C-alpha cells in the first residue's frame, strides 16, 4: 500500500486521540471568524484611522497624535469644548442610568410574587423592552411638548413652569432624555433579575427564615448573593448602554439645544458623518477614547467578579 493511502487513517487516529480538545474549537471557529472580521478588525482600523486626517474618500494623511492633542487638550492646545460637554454628559448618563439596576430588581421582586393578574403586570413591564428606542424617544418627545405635553400639564398643577419645555431648556434636556432611556433599560434589568430569581436556591431561603432572616435582611444576605451573575450582566449592559447612548439624543434633540445634550457617541457621529463633518480621523479618535472608557469599566467589573469567585472557592 502506498504511503498516500495511509494518510487519512493517520489523521483519523490522531483526531480520535485529540477530539475532546479539538471539537469545541471547530464549533467555535465560525463565531470566532465572524467576531474577528466584524469586531476586532474594525477596532484596529479605528485605531489606525485616528492617526490620520481623512474625509472618508480621498487619501489619508498621517498626522500622528494631532487628533488626540486637539481632542484632549494635550500640549499647547485647549480641550475641545464639544468633547468636554459630551464627556460630562456621558458621566451624567452613567450615574443616572445605573438607577435602572435597583429599579429593575425591585420590579422583578414584585413580579416574582404569586398574585392575581401577575401575567398582565409582567407584560406591561416587559413592553418597553420590545419596542424600538426610536419609538420610545418619539413618545417621550410628545410627552415633553411645551404647554401641550402631559409633563408640562402635570407640572402646571404644582405651579412649575419650565421655560422652553424640558427638551428646549439646556439645564433640563439631558435629564429628560435620560429619564426616557431609563424606561426600557429598567425593563431589561427586570428581565435579568426575573431569570436570576428563578434559579435562587429555595433551601437557602428556608434556612434563612429558620435563622430569623426576613425582609431586607433576607434580600441582602440570602437573595442578592445568589443574583451576582445577573447583577454583573446588568451593570455591564447598563454601563455600555449609557456610554453609547445615541438613538434617544438623535430622535429627541439632535444634540440641542445649543449642543447641551451632546454625548461622545453623538459627537463622534457629528464629526465623522454629519453634514458639516466628514473628519473621519477626528471621529475615530473620539471612538478610541470612548472604547477605552468602556474597556476600563468592563475590566473593573470582570476583575471584581473574578476576585469574588476566587474568594468563594
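What follows draws every value from the coordinates through simple rules; no lab data is involved. Small disclaimer: the values here were computed from a predicted structure and weren't measured. In this analysis, Cβ positions are derived from the backbone assuming ideal geometry, glycine residues included, and neighbour counts consider all displayed protein chains.
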**Q.** Label point at residue 211 placed 7 Å out along Cα→Cβ; residues across segment 218-262 whose backbone nitrogen lies under 17 Å
**A.** 218-228
**Q.** Near-label residues of segment 157-187 by backbone N, under 13 Å of a point 7 Å along Cα→Cβ of residue 150
**A.** none
Q.
Test of understanding: what is the full-extension gain from residue 57 to residue 139, defined as 0.36 nm times their sequence separation minus their Cα-Cα distance?
A. 25.7 nm
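Ordered by packing density, taken as the mean number of other Cβ atoms within 10 Å over each peptide's residues, highest first, how do 23-35, 187-199, 45-57 rank?
Values: 23-35: 9.9, 187-199: 19.5, 45-57: 16.5.
Ranking the peptides 23-35, 187-199, 45-57 by packing returns 187-199, 45-57, 23-35.
Per the Kirkwood treatment, what hydrodynamic radius in Å, one decimal, follows for segment 82-312 from the mean inverse distance over all distinct Cα pairs?
Details: mean 1/r = 0.0506 Å⁻¹.
Every distinct Cα pair counted, the radius reaches 19.8 Å.
Rounded, prolate or oblate: which fits segment 111-172, taking a ≥ b ≥ c as square roots of the Cα gyration tensor eigenvalues, rounded meaning a/c under 1.5, else prolate when a/b beats b/c? Don't skip to the end; give the middle numbers.
On the way: a/c = 3.57, a/b = 1.98, b/c = 1.81.
Cα axes put segment 111-172 in the prolate bin.
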Q.
I need the shape label for segment 192-299. Rule: rounded when a/c is under 1.5, else prolate if a/b > b/c, else oblate, with a, b, c from the alpha carbon gyration tensor.
A. prolate
Q: Run the numbers on the chain and let me know its relative contact order in percent, using alpha-carbon pairs under 8 Å that are six or more apart.
A: 25
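Counting each DSSP H run of 4 or more residues in the chain as -39500 (n - 2.57), what helix-only mean residue ellipticity at 222 nm follows after dividing by all residues, to the nearest 500 deg cm²/dmol? Kindly include the intermediate steps, with their values, before the conclusion.
Values: 14 runs with 209 residues, N = 313.
Mean residue ellipticity at 222 nm (helix-derived): -22000 deg cm²/dmol.
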Q: In nm, give the distance between the simple-model label positions of residue 250 and residue 218, each being 7 Å from the Cα along the Cα-to-Cβ direction.
A: 4.6
Q: Extending each Cα 7 Å along its Cβ direction at residue 84 and residue 45, get the distance between those two points in nm, one decimal.
A: 3.4
